[in-house]
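*Asks:* Mind having a look at this structure? Questions to follow.
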Amino acid sequence: MSATGIGTGTGPQARTQAAPAPAVPATSVAVPASMSAPDAELLAVAQKMLGRVWREGRHEVATALRTADGALHTGVHVEGSCRRSSVCAEGVALGTARGACPAGEPLTVVSVVSVQIKPAGRFRVIAPCGVCRELISDYSPEATVWVTRPDDDEVVPMTALDLLPEKSRRAW
């Protein structure tokens with residue numbers, strides 16, 4: 001085995017690693033007039049990361065979020081061969097943010113932007129899935145979550161709790 005832990009032989013023990021995919025060229029999302037400069041930074045970071053790591057069927061969504069202390073955290077969707085083993089970009093970013101919190105401090109997310117590359121070769125701001133909506137609202141119900149409205153394709157802010165109007169509040 002090589003120093004990187006990746007086998008270089010040809011026998012059954014050998015492992016190969018696919019060559020990294022080249023950066024994906026995609027048209028960026030225009031920054032909405034209503035988006036603050038800090039949130040525009042989240043959009044830019046998420047697009048840059050996804051353009052770098054995107055692989056069809058493996059890494060198709062990237063998230064950037066900002067916590068109350070101003071720190072920026074990112075995550076990328078990780079698809080597993082067993083559907084249930086897959087993890088959304090928002091969950092990865094939330095876990096990373098939580099891990100960066102000092103002991104005893106709560107996780108407070110201020111803003112979240114998730115992007116996907118559409119088949120037409122352009123980025124699109126997407127809403128979190130239902131599970132990620134629950135996660136974000138469990139930790140930060142007032143967090144701003146940027147979504148694209150389906151009726152007019154406008155990128156707009158919503159609070160995490162507005163994404164789940166009938167959410168049951170759980171006492172932690």
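*Asks:* What is the gain in length, in nm to one decimal, between residue 142 and residue 52 on full extension, counting 0.36 nm per residue of separation less the C-alpha to C-alpha distance?
*Replies:* Extra length available between residue 142 and residue 52 comes to 29.3 nm.
*Asks:* For 118, 48, give the ranking by accessible area with the largest first, probe 1.4 Å.
*Replies:* Correct descending sequence by accessible area is 48, 118.
*Asks:* Then there's this: Would you be so kind as to identify which of 140, 71, 47 lies farthest towards the positive end of the dipole of region 39-172, taking Lys and Arg as +1 and Asp and Glu as -1 on Cβ and the Cα centre as origin?
*Replies:* 47
*Asks:* Could I ask something else about it? In debye, nearest 20, what is the charge dipole magnitude of region 69-172 about its Cα centre with +1 on Lys and Arg Cβ and -1 on Asp and Glu Cβ, if you could check?
*Replies:* 380
*Asks:* Radius of gyration and Dmax for region 59-152's Cα atoms, expressed in Å?
*Replies:* 13.5, 45
*Asks:* Only Lys, Arg, Asp and Glu count, each charged at its Cβ (+1, +1, -1, -1), so figure out the dipole size of region 21-117 about its Cα centre, rounded to 20 debye.
*Replies:* The dipole of region 21-117 has a size of about 300 debye.
*Asks:* Hey, another quick one. How far, in nm, would the chain grow between residue 33 and residue 152 when pulled straight, counting 0.36 nm per residue and subtracting the alpha carbon separation?
*Replies:* Length difference between fully extended and current span is 41.3 nm.
*Asks:* Order 82, 129, 101 by their accessible area, 1.4 angstrom probe, all chains in place, largest first.
*Replies:* Solvent-accessible surface, decreasing: 82, 129, 101.
*Asks:* So what J values fall out for region 144-150 if you push phi through Karplus, 6.51 cos²θ - 1.76 cosθ + 1.60 with θ = phi - 60°, rounded to Hz, Gly and Pro as x?
*Replies:* Taking θ as phi minus 60°, the curve returns 7, 10, 7, 9, 9, 5, x Hz for region 144-150.
*Asks:* Please report Rg (one decimal) and Dmax (integer) in Å for the Cα set of region 43-83.
*Replies:* Cα radius of gyration and Dmax of region 43-83 are 11.7, 36 Å respectively.
*Asks:* Same structure, new question: Grab the beta carbon distance between residue 86 and residue 124, set R0 = 25 Å, and tell me the FRET efficiency rounded to 0.05.
*Replies:* 0.80
*Asks:* Next question. Using per-residue counts of other Cβ atoms within 10 Å, averaged over each peptide, order 104-116, 152-164 from highest down.
*Replies:* Per-residue Cβ counts within 10 Å, averaged per peptide and sorted highest first, yield 104-116, 152-164.
The values are calculated or read from the model by the stated rules, or taken from the named source; none is laboratory data. Just so it is clear, the structure is predicted and the values come from calculations on it, not from any experiment. Cβ: placed from backbone, ideal geometry, glycine included. Neighbour counts: every protein chain shown. Areas reflect the complete protein model, heavy atoms only, side chains present, ligands, DNA and RNA absent. Shrake-Rupley method; radii C 1.70, N 1.55, O 1.52, S 1.80 Å.
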